[in-house]
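Following: one structure in structure tokens, then a few remarks.
The values are calculated or read from the model by the stated rules, or taken from the named source; none is laboratory data. Since the model is a prediction, treat every value here as computed from it, not as a measurement. All Cβ positions, glycine included, derive from the backbone under ideal geometry; neighbour counts span all protein chains shown.
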Amino acid sequence: MKLISWNIDSLNAALTSDSARAVLSREVLQTILNENPDIIAIQETKLPSSGPSKKHQAILEEMFADYEFVWRSSVEPARKGYAGTMFLYKKDLTPEVTYPEIGAPEPMDSEGRIITLEFPEFFVTQVYTPNAGDGLKRLEQRQIWDEKYAAYLKELDQQKPVLASGDFNVAHQEIDLANPKTNHHSAGFTDEERAGFTNLLNQGFTDSFRYVNGKVTGVYSWWAQRSRTSKQNNSGWRIDYWLTSNRIADQIKVSNMLDSGQRRDHTPIMLEI
């Protein structure tokens with residue numbers, strides 16, 4: 001199978017806006033389509049609580065003609081048009097779809113952050129992990145989220161092997177970001193968040209990128225949108241992951257980043273297994 005995950009930072013804008021950034025987003029979507037993946041996971045859709053509009057659906061059905069799609073949006077008491085996730089999967093696939101709640105601090109379970117596809121022999125699940133926020137104001141809640149999510153993945157893994165993707169909002173090791181020393185207390189690289197990710201892996205999961213590529217440096221999945229030079233200077237972070245259950249790690253063939261061209265922010269990540 002070939003699977004691709006991408007934090008698009010507004011599927012809504014990518015489908016309906018004519019801004020320069022939206023045009024770049026559509027180019028990245030075409031790059032993903034050119035890979036002909038079996039499954040596409042998208043985070044930060046920013047769709048309404050009611051989901052894709054008729055206009056959105058018409059565009060998706062034309063652009064992704066070979067795919068079914070399922071979505072989960074942020075709903076009250078969470079902010080509207082915030083976070084959100086979507087899976088697109090080839091029409092010959094027939095997974096059972098669930099929208100789990102993990103007992104996270106309110107309103108995180110209402111922010112549309114997790115969708116899981118169950119197949120006869122494995123799970124594919126995606127997550128958009130909450131950011132610790134400016135001034136780390138959400139760090140305490142984020143730590144609880146990390147514990148609850150690790151327990152959820154472990155529960156899945158006890159049933160059958162798991163492929164877990166998404167924006168985990170943490171650079172695990174110093175080699176996972178360009179400037180570790182100056183970001184030690186930044187959201188996404190605190191000791192607490194890194195420990196949370198270590199705990200997640202310790203539940204029986206493999207970071208597929210490191211499994212395939214070892215300790216390669218300078219390969220990232222996110223460059224700050226606010227900095228015009230972040231990407232050209234490759235001042236990035238690796239915060240997007242494909243994880244697999246340890247017992248199927250030897251089946252991983254490819255785990256890498258796709259080229260998102262001039263577009264900053266996240267780039268898609270691909271797993272072949």
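Of Ile115, Ile59, all but one fail to be in contact with a helix residue (DSSP H, G or I) (Cβ under 7 Å, 6 or more places away or on another chain), of a type in the set (Val, Ile, Thr) and over 30 Å from Asn183 (Cα atoms); the exception is Ile59.
Table: residues versus (1) free of Cβ contacts under 8 Å to residues at least 60 places away in the same chain; (2) within 20 Å of Pro268 (Cα to Cα); (3) surrounded by fewer than 16 Cβ atoms within 10 Å (Cβ to Cβ).
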site: Leu60; (1), (2), (3): yes, yes, no
site: Phe64; (1), (2), (3): yes, yes, no
site: Tyr67; (1), (2), (3): yes, yes, no
site: Arg72; (1), (2), (3): yes, yes, no
site: Glu76; (1), (2), (3): yes, no, yes
site: Lys80; (1), (2), (3): yes, no, yes
site: Met86; (1), (2), (3): no, yes, no
site: Val97; (1), (2), (3): yes, no, yes
site: Gly103; (1), (2), (3): yes, no, yes
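Residue-level analysis places Arg194 among those that are closer than 23 Å to Trp6 by Cα, in contact (Cβ under 8 Å) with a residue 24 or more places away in the chain and surrounded by fewer than 19 Cβ atoms within 10 Å (Cβ to Cβ).
Considering only the range 181-189, I want to know if a residue exists there that is more than 22 Å from Gln43 (Cβ to Cβ), touching a Leu at 6+ places or on another chain (Cβ under 8 Å) and either in contact (Cβ under 8 Å) with a residue 12 or more places away in the chain or assigned to a helix (DSSP H, G or I) (or both). Yes: one or more hits. Just so you know, in the range 1-20 the residues that are surrounded by fewer than 17 Cβ atoms within 10 Å (Cβ to Cβ) and not aliphatic (A, V, I, L, M) include one that is nearest to the chain's Cα centre (by Cα), and it is Lys2.
Going by what's in this entry, would Val124 be described as farther than 17 Å from Ile269 by Cβ and aliphatic (A, V, I, L, M)? Considered against the rule, which asks whether it is farther than 17 Å from Ile269 by Cβ and aliphatic (A, V, I, L, M), Val124 comes out as no. Note on the range 1-94: enclosed helices (runs of 4 or more DSSP H) holding 2 or more residues that are of a type in the set (D, E, K, R), over 23 Å from Asn131 (Cβ atoms) and modelled with pLDDT of 95 or more are 20-34, 54-63. The single condition from (1) of a type in the set (A, V, I, L, M); (2) in a helix (DSSP H, G or I); (3) touching a residue at least 60 places away in the same chain (Cβ under 8 Å) that Leu243 fails is (2). Per the listing Ala132, Ala164, the residue uniquely among the aliphatic types (A, V, I, L, M), in a loop (DSSP other than H, G, I, E, B) and buried (at least 18 other Cβ atoms within 10 Å of the Cβ) is Ala132.
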